[in-house]
Every structure is written in structure tokens, then in C-alpha cells.
2 protein chains.
Amino acid sequence: MRLSIVSTGEEVLRGQIADENALFLSRALVDLGLEVGRRFTCGDGLDDLTRTIAGALRDADALIGSGGLGPTADDRTLDALAEVLQAPLEVCPEALERLRRAFSEMGLPFTDNQARQARRPVGAELLDNAVGTAPGIALEREGKLIFWLPGPPFELRRMFSDQVVPRLVRWREQQGGGERQAQRTLRVFGRGEGWIGEQLAPLEATIPGLSLGFRADLPEIEVKLYARGANPAELSARLERAEHEVRHLLGDVVFSSGQTLPETLLDLLYERRLTLAAAESCTGGLIAKLLTDIPGASVSFLLSAVTYANTAKEAVLGVLPETIREHGAVSETCARAMAEGVRRVSGADLAVSATGIAGPDGGTPEKPVGLVHFALAHQSGTTASRRVFRQRTREAVRALAAAHAMDMVRRHLLGLPPLGPPAPPKHEAR
Amino acid sequence: MRLSIVSTGEEVLRGQIADENALFLSRALVDLGLEVGRRFTCGDGLDDLTRTIAGALRDADALIGSGGLGPTADDRTLDALAEVLQAPLEVCPEALERLRRAFSEMGLPFTDNQARQARRPVGAELLDNAVGTAPGIALEREGKLIFWLPGPPFELRRMFSDQVVPRLVRWREQQGGGERQAQRTLRVFGRGEGWIGEQLAPLEATIPGLSLGFRADLPEIEVKLYARGANPAELSARLERAEHEVRHLLGDVVFSSGQTLPETLLDLLYERRLTLAAAESCTGGLIAKLLTDIPGASVSFLLSAVTYANTAKEAVLGVLPETIREHGAVSETCARAMAEGVRRVSGADLAVSATGIAGPDGGTPEKPVGLVHFALAHQSGTTASRRVFRQRTREAVRALAAAHAMDMVRRHLLGLPPLGPPAPPKHEAR
């Protein structure tokens with residue numbers, strides 16, 4: 001069961017926008033256990049569209065395309081589909097009525113060209129668009145499924161989840177002799193894909209019907225569990241067992257089933273009615289940015305002091321000038337003083353700090369690029385840790401440092417020991 | 001002169017990584033004035049590779065592909081090229097020697113499979129890889145150019161700029177009867193693409209050999225000037241005149257030729273030996289993050305106080321409790337107190353603040369989602385401004401607010417008036 005993905009539009013082709021839809025669809029199809037055969041991108045010209053659709057369809061058992069369903073003259077997807085399928089276009093009266101109603105509700109005039117969106121190749125089904133105007137297309141032709149969705153990612157995602165996924169699942173069950181599939185995601189921080197893969201190597205052989213996938217969403221890693229089975233009870237039992245085994249093999253570096261590290265941390269803080277502050281040097285506001293990306297963060301996250309200059313560390317956090325003179329701003333002593341300082345100033349229950357050398361310059365043999373000192377100040381004292389992130393870019397060092405700081409707080413809240421070096425694979429030790 | 005782009009690799013196809021190479025190549029080719037015909041993505045299988053390369057080559061006058069040139073068994077691009085071109089593979093002795101030397105310099109053993117990377121289809125040229133091991137491929141076949149580059153984006157970009165661009169430029173000049181092309185980029189903040197497009201509408205007709213392109217790099221907009229001409233002097237005169245006209249038509253919302261807004265601001269501060277601090281509420285550290293993304297920011301950027309909680313605004317910035325009680329945290333009065341507070345605490349020459357409602361919830365009729373108050377405190381006083389960003393997402397509101405805050409500082413440093421509503425198009429007023 002191999003699928004083709006087709007993206008259309010001059011803006012994608014010319015690199016004015018990234019092809020978000022192809023990335024989303026690839027991931028979503030893999031998550032459904034389907035094989036992505038090839039992806040194609042073409043512009044708005046009728047000839048390119050027709051050749052691309054015909055080629056993509058020859059190549060696979062099903063096709064999902066997007067874009068070019070709108071009301072304007074450069075929206076030619078329906079014409080191309082009609083040509084490839086040798087099925088003339090007809091206006092769907094119900095879709096036309098829905099469109100008219102939608103425009104009247106928005107108080108907008110219904111111009112003639114809008115009616116173009118109610119067309120469909122004879123034999124096709126129109127998929128309702130809950131968050132836009134252009135409907136999608138679904139049809140079957142010689143045993144192959146064809147879906148075409150609107151180009152705006154927001155509309156595509158909604159229509160895919162609500163209307164395409166159920167049809168694909170049904171189709172896969174028919175093709176696979178009734179076999180079902182389900183998946184679950186666990187998220188890991190503090191170990192690389194290589195180590196994770198080794199730890200989990202024996203698992204697929206141990207649990208029948210299970211396969212594993214890994215995806216780096218740096219600095220976090222996603223471990224995907226895919227289970228196949230005859231019925232929902234079997235699937236659920238397999239996933240339960242697999243999650244249990246993965247957690248056993250990987251240990252406490254698994255921090256959630258699905259949520260990101262900032263989300264996990266904010267939930268933990270909220271559950272315990274605790275507040276957090278941060279003192280950031282090399283991370284430069286990234287810890288604050290990641291936490292406040294999440295609506296409602298203000299309940300638990302009070303303050304980040306982004307003290308990039310040493311004078312700011314002294315003035316805002318009360319770090320002593322002699323601390324910086326004797327140990328340097330990148331030192332355990334300074335990290336401790338920063339965390340304690342921001343905890344005092346903010347009145348937060350917990351405070352975390354990061355001070356290091358993000359690079360690309362500024363390293364020395366004793367304090368190389370990538371060295372970061374962290375501290376966590378809490379009611380009963382202050383703990384510190386030190387890491388050297390050997391990544392090549394400033395961006396990667398900063399992302400790892402911000403995640404490590406958040407993970408330090410998570411581990412403290414859960415009563416876990418500080419993250420140490422990885423243990424040898426457990427299955428070898430058995 | 002139409003080009004095909006081919007990306008290969010299971011990780012791209014399965015959505016484990018975004019297709020950065022296709023995006024980069026699309027943009028780079030458009031910048032060279034070449035037409036991107038279609039893009040193709042396939043996995044590592046020999047059959048898929050062969051069909052994709054053959055199809056992509058039929059489709060265009062030139063092809064740029066990437067990936068699958070490495071030493072392992074799943075790197076099958078060379079075999080596929082050999083099959084499509086009907087040209088057997090041969091080992092290039094110079095490339096083999098370079099590879100051996102590179103491995104010996106790195107102190108690594110040279111295994112047999114590494115020699116696979118020194119192969120080329122008979123008649124092809126190997127392109128040296130300055131930052132990796134696998135060489136690239138360049139060849140001409142029946143008047144069509146074919147390039148194949150290593151998959152790692154870092155290696156691809158370097159080899160494309162150093163070795164593919166000069167060959168493409170020569171080829172374009174041959175095809176175009178000796179006509180040359182050059183381009184320049186101007187960056188804009190504070191106006192939408194629609195307004196910019198309208199303002200610049202008459203320009204292509206006024207300046208012969210000029211065409212324009214727009215790219216949203218939100219919240220900034222890039223205006224690209226493409227000039228064609230017979231010789232370098234003509235090109236340069238055309239671009240000069242075009243830049244002059246664009247700056248005249250758009251006014252002071254053009255902030256740079258190439259640099260981003262954070263880069264522009266840091267350069268301005270550095271030139272004038274001035275320091276900056278920020279007090280951030282709704283932007284949650286994003287201003288600090290964007291500035292400290294740039295190495296060396298610490299010279300000019302001293303501190304950001306990310307005071308998400310009202311208590312933090314009081315404790316760190318000295319905002320009076322009655323200010324928040326009477327006016328609310330999202331108010332001009334509070335924004336002014338925040339900017340003045342962080343300027344006092346940090347000792348910076350300039351201080352900017354942002355406090356608003358990023359959404360998605362928390363809005364009221366008087367203070368809707370998207371409302372942000374800004375203030376800028378400097379030696380001779382404090383100025384304030386207010387914006388309502390009507391974008392749909394929290395992310396967009398935060399990005400616009402951070403950029404507006406930085407632009408406020410830029411305008412102040414250049415003695416420009418605050419950004420007002422857009423003027424009617426100048427060409428209509430003539």
C-alpha cells in the first residue's frame with residue numbers, strides 16, 4: 001500500500017514557502033503505517049499538473065494532493081483531475097448551496113468565480129471544509145484512492161484528520177485482510193538516537209506485531225510504537241506492554257507520552273502549585289521563550305532574568321563582582337549565585353540558571369565552546385551540574401542547554417537523581 | 001531554461017527531516033533567474049531512483065539532485081545515474097587519492113567501501129567537497145546539465161555556491177545569448193506584501209531589464225531586485241537605480257539591504273557605542289532570544305527582564321502595585337514603568353518594553369487579543385506606542401511584537417518618526 005504525495009503552487013516551487021503540507025502528510029501517513037512512495041511538487045500550469053497527477057497515480061496505490069482548489073483562474077487542479085480521470089466536471093448542488101450560505105453568513109458577496117469551488121469530477125465525493133471555503137475531493141478509480149485537499153495548511157490538517165484518516169484506515173483494513181494498527185509516542189531527553197536504538201534493539205523480536213520508529217525533534221527524541229493486531233483489545237494490550245518495556249529499558253529519560261518537555265514541566269509545576277524563575281546567560285531568553293510559547297505559562301513561570309552582561313548579573317541577581325573576577329561568569333559558583341539571586345528577587349519556589357559558552361567563538365582549552373554550568377535553587381538548597389555540548393552550531397548548543405535546564409527542574413520535582421552518563425544496554429546485562 | 005530538483009533519502013520521504021535542500025535550491029535557482037520546473041522526492045531504492053532521475057531529466061533542461069553519494073550499501077545514486085545515462089561507473093584515481101589523504105589526515109582507517117565515493121559515470125566531472133568526503137557530480141548530456149550533490153545541507157550549500165553557481169551562470173549566459181543577471185535584496189518591516197506590491201507596481205515598467213520578487217520571512221518582508229543586462233556596468237547601474245527608487249517609494253520601512261532586523265539593530269548600537277536592555281512580558285524572552293542568536297550580542301545587549309508575573313514586574317522593575325491595579329499590566333503606564341525600570345536596573349543607554357495579550361485567550365472588548373503596549377526609555381525621556389496585531393496565532397503576535405520593539409529602537413537611533421499608518425501609493429499622487 002504505497003502512496004504518492006503531490007504538492008502544488010508556485011510559492012512552494014519557488015521556495016517562497018516551505019512545503020509544510022508534504023512534511024505533515026509524510027509523517028501522518030507513516031504514523032498510519034502506510035508507505036510513502038514518492039513526493040512530487042509542481043506549479044499551477046495545467047500541463048504540469050496533469051502530467052504530475054498522472055505520474056503520481058501510476059506510481060502508487062493511492063494519492064494525496066493539495067492546492068489549487070480555490071476560486072481564481074490559476075486554480076486549475078480540478079481541470080487537471082478531470083483530464084487525468086477522463087471524468088467531466090459537474091457542479092454539486094449541495095456544495096454550491098453550502099458555499100452561498102457560508103458567504104452570506106460572513107456578509108460577503110458571492111461572486112461567480114466562487115461557484116468554481118463547488119465543482120467535482122463526475123463520481124467524486126466532495127469533502128466538507130469546516131475551516132475554509134474550498135471543499136476537498138475523494139474518489140476511487142480502478143481500486144486506487146485519490147484525495148485532494150485545500151492548500152492552506154490549517155485547512156489541510158483539519159480535513160485530513162477528520163475525513164481522510166477514517167477513509168484510509170478503512171481502506172488499509174480492507175487491503176490488509178481486516179488487520180488493524182495503532183500507535184503511541186514516547187518522548188526522551190538526554191540520550192541520542194543511537195543509544196536509544198541499541199537499548200530497544202531486542203524489542204521488536206520480543207513483542208509480536210510491534211515495530212518501532214525514531215524521530216529527532218531536537219533536542220528531544222520521539223520513540224514511536226506501532227502495533228498491528230486483529231482487534232482493539234489486542235492492539236491496546238500490545239501497546240501497553242511495549243510502553244512498559246520501553247520505559248523499563250530506557251529508564252527515566254522518558255519524560256512523557258506525547259507532551260513536549262516545556263509542556264511536561266509546566267504541568268508538573270501546576271499540579272504541585274509551585275512557581276519557577278530562571279536566570280539565563282548563554283541561553284539568552286530561550287528557556288523563557290520555550291515556556292511562554294505555551295498559553296497559560298504565567299500561572300507557574302514568574303520571571304527570567306536574561307543577564308547577558310556581567311554588570312546585569314551583579315545588578316539584577318546580586319552576583320558578587322569577586323565571584324565573576326575569581327571564577328569567571330562561566331563557572332559553577334556563578335551559576336549558583338545566579339539561581340539563588342533570581343529565586344530571591346522573584347519569590348519563586350524554584351529557580352534554574354544556565355551560564356556557558358554558546359560559540360562559535362570565545363572558547364579556551366579550560367572552558368571550551370559548548371561548556372555550560374547549570375544550577376537549581378530550591379527550598380532546601382542549591383544543586384549544580386555541568387555539561388559540554390559538542391554540537392557544531394550556536395543554535396544547537398543553546399537548544400540543548402535550555403532543554404537540560406528544564407529537565408533538571410523536572411528531575412528535581414520527580415525526585416529523580418541528576419542525569420548521569422548512559423548505562424550499558426540492559427538486554428546485554430541480563 | 002527549466003530545472004528539475006530531485007531530493008532522495010528515506011528520512012526526507014518519511015518526514016523524519018524537512019526537505020531543507022529542496023527549499024534552499026529552489027530559492028537559489030530563482031535568485032539566479034532560472035525557472036524551477038518540478039521537484040521530486042524519492043527513497044533509496046534503485047528502481048525509484050532510476051525512474052525519478054529519468055523523469056526529472058526528461059522534464060527539464062537541467063537537473064540538480066542530492067543525496068545517496070555516501071559509502072554505504074544504501075547509497076545507490078551513482079548506480080542509478082549510470083543506468084539512466086547508460087554510462088558505466090569508473091573510479092577516478094585523483095578522487096581516490098584525495099579520499100585516502102583525507103582519511104589519513106583525520107587518522108581514520110580507509111575501508112574498502114569508502115572507495116565507492118570516488119566512482120563517477122564515464123564522462124562526468126567530480127566536484128571537490130571542501131567540507132565532507134563524498135564528491136559531487138557534474139556532467140552534460142545532449143545539451144542538458146546534470147549536477148548531483150551530497151545530502152548533508154552544510155556540504156550541499158557550500159558545493160552549490162562554490163562550484164554549481166559559476167557553471168549555471170556560464171550556461172545561462174550561453175543560452176541567453178550572453179545576457180547577464182544580478183540581484184539585490186532589501187528588507188522591510190512594518191508593511192504587508194500587498195501594500196509593498198502596490199507601491200512598487202510601476203517600477204518594472206519604468207526600469208528596463210528589472211523584475212521584482214517578494215518573499216515573506218515573517219515578520220520581515222524581502223524585496224528582491226533582479227536585473228538583466230549586457231555587461232556588469234549596466235547591471236550595476238540598473239540595480240543602483242532600482243534600489244534608489246524602491247527606497248523612495250517605500251520610505252523608511254526599508255531597514256537594510258540583506259541583514260535581518262536584529263542584526264541591523266545590533267550593528268547600529270555597536271557603531272554608536274550604545275547599550276540596550278529589554279523588559280518583556282507578552283514576548284516572553286523572544287526579543288532577548290532573537291538578539292542573542294547573533295554571536296557577539298553581549299557587547300551591546302545587557303539584560304532582558306522577562307517579567308511574566310505582575311509580582312516580578314514589581315520586584316525586578318519597580319513597577320508600582322497601584323500602576324497595575326489602576327491601569328492593568330497591559331497599559332501604556334505599565335509599559336513606560338517597565339522600560340524605565342529595566343533601564344535603571346541595567347544601566348543601559350536604551351531600554352525597550354513590551355506588554356500585551358498574545359492569546360489565544362485572555363482578551364476583552366477593551367483589550368483584545370493582539371493588543372501590545374510598547375515603551376522606549378532613553379536619556380531624554382520615554383516614548384510609548386500601541387499596536388493591535390490581528391494575526392491568528394500566539395506565535396505570530398509574539399513575533400510581530402518582538403520585531404516592533406526592535407524597530408522602535410532602530411527608528412529612535414536613526415531619528416525617524418514612529419511608524420505610522422501606510423501612506424497612499426506615491427505613484428498615484430504624482
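Shape analysis of the stretch B:261-413 yields a ratio of the Cα radius of gyration to the Kirkwood radius, Rg/Rh, of 0.95.
Counting other Cβ atoms within 10 Å of each Cβ, which trypsin sites (Lys or Arg not before Pro) in the stretch A:229-336 have at most 13 and sit in a DSSP loop? Intermediate values should be presented prior to the final figure.
Details: sites: A:R238, A:R241, A:R247, A:R272, A:R273, A:K289, A:K313, A:R325, A:R336; in loops: A:R272, A:R273.
Qualifying residues, ordered by number: A:R272, A:R273.
A dipole drawn for chain A from +1 and -1 charges on Cβ atoms has a positive end, and of A:A138, A:S236, A:A315 the residue lying farthest that way is A:A315. Entry note, chain B: relative contact order of 10 percent, from Cα contacts under 8 Å with a spacing of 6+ residues. Three principal axis extents describe the C-alpha atoms of the stretch A:214-313; from largest down they are 64, 27, 22 Å.
With R₀ fixed at 22 Å, the C-beta to C-beta distance from B:L320 to A:L320 puts the FRET efficiency at about 0.15.
Of the chymotrypsin sites (Phe, Trp or Tyr not before Pro) found in the stretch A:75-162, the ones in coil according to DSSP and having at most 15 other Cβ atoms within 10 Å of their Cβ are A:F110.
Mind checking the mean number of beta-carbon atoms from other chains within 10 Å of the Cβ atoms in A:353-361?
Working: counts 0, 0, 0, 0, 0, 3, 1, 1, 2.
Average neighbour count from other chains, rounded to a whole number: 1.
Placing one equal scatterer on every Cα of the protein assembly as shown and applying the Debye formula, the log10 ratio I(q)/I(0) at q = 0.05, 0.08, 0.10, 0.11 Å⁻¹ is -0.32, -0.86, -1.38, -1.60. Think of each Lys and Arg Cβ as +1 and each Asp and Glu Cβ as -1; about the Cα centre, that makes the dipole of the stretch A:172-310 roughly 140 debye. Extent along the principal axes, Cα only, for the stretch B:2-175: 43, 36, 30 Å, with the longest axis given first.
Per residue of peptide A:30-39, the mean number of Cβ atoms on other chains within 10 Å of the residue Cβ is 4. Close amide-amide hydrogen proximity is noted between A:V369 and A:G363, A:T364, each under 5 Å apart and 5 or more residues distant or on a separate chain (H modeled in the peptide plane; Pro and chain starts excluded). For the stretch B:111-216, averaging the sequence separation of C-alpha pairs within contact (under 8 Å, six or more residues apart) and dividing by the residue count gives a relative contact order of 13 percent.
Can you say what percent of the DSSP beta bridges in the protein assembly as shown, counting only those with both residues inside, are antiparallel? Round to 5. Spell out each step's value before the answer.
Numbers: 98 of 152 bridges.
Antiparallel: roughly 65 percent of the beta bridges in the protein assembly as shown.
For the stretch A:180-256, what log10 I(q)/I(0) values come out of the Debye formula at q = 0.11, 0.17, 0.21 1/Å, with one point per alpha carbon and no solvent? So the normalised log intensities are -0.25, -0.59, -0.87.
Farthest toward the positive end of the dipole of the stretch B:261-413, out of B:A396, B:P365, B:A329, is the Cα of B:P365, where the dipole comes from beta carbon charges about the Cα centre. Separation of the stretch A:76-110 and the stretch B:25-93 by C-alpha centroid, Å? What the calculation gives is 39 Å, centre to centre. Sites listed here are GluC sites (Glu not before Pro) in the stretch B:279-375 whose DSSP assignment is loop and whose Cβ has at most 15 other Cβ atoms within 10 Å: B:E366. About its Cα centre, the protein assembly as shown has a charge dipole of approximately 1240 debye under the convention of +1 per Lys or Arg Cβ and -1 per Asp or Glu Cβ, with nothing else charged. From Cα pairs below 8 angstrom and at least 6 apart in sequence, can you work out the relative contact order of the stretch A:316-430, rounded to a whole percent? Here the relative contact order equals 20 percent.
According to the Cα gyration tensor, what semi-axes, each the square root of 5 times an eigenvalue, does the equivalent ellipsoid of chain A have, listed from largest to smallest in whole Å? If you can, show how the numbers build up before the last one.
Working: eigenvalues 494, 152, 76 Å².
Rounded to whole Å, the semi-axes are 50, 28, 19.
Look at the stretch B:41-54: the mean tally of other chain Cβ atoms within 10 Å of its residues' Cβ atoms is 2. In sequence order, the stretch B:81-93 has phi-based couplings of 4, 4, 5, 4, 8, 6, 10, x, 7, 10, 8, 8, x Hz under the Karplus curve 6.51 cos²θ - 1.76 cosθ + 1.60, θ = phi - 60°, and Gly or Pro positions carry x.
Laboratory data are not the source of any read-out in this text; all were calculated from the coordinates shown. The shown structure was predicted, so the numbers you read here are calculated from the model rather than taken from an experiment. Neighbour counts are summed over all protein chains in view; Cβ atoms, including those assigned to glycine, are modelled from backbone coordinates with ideal geometry.
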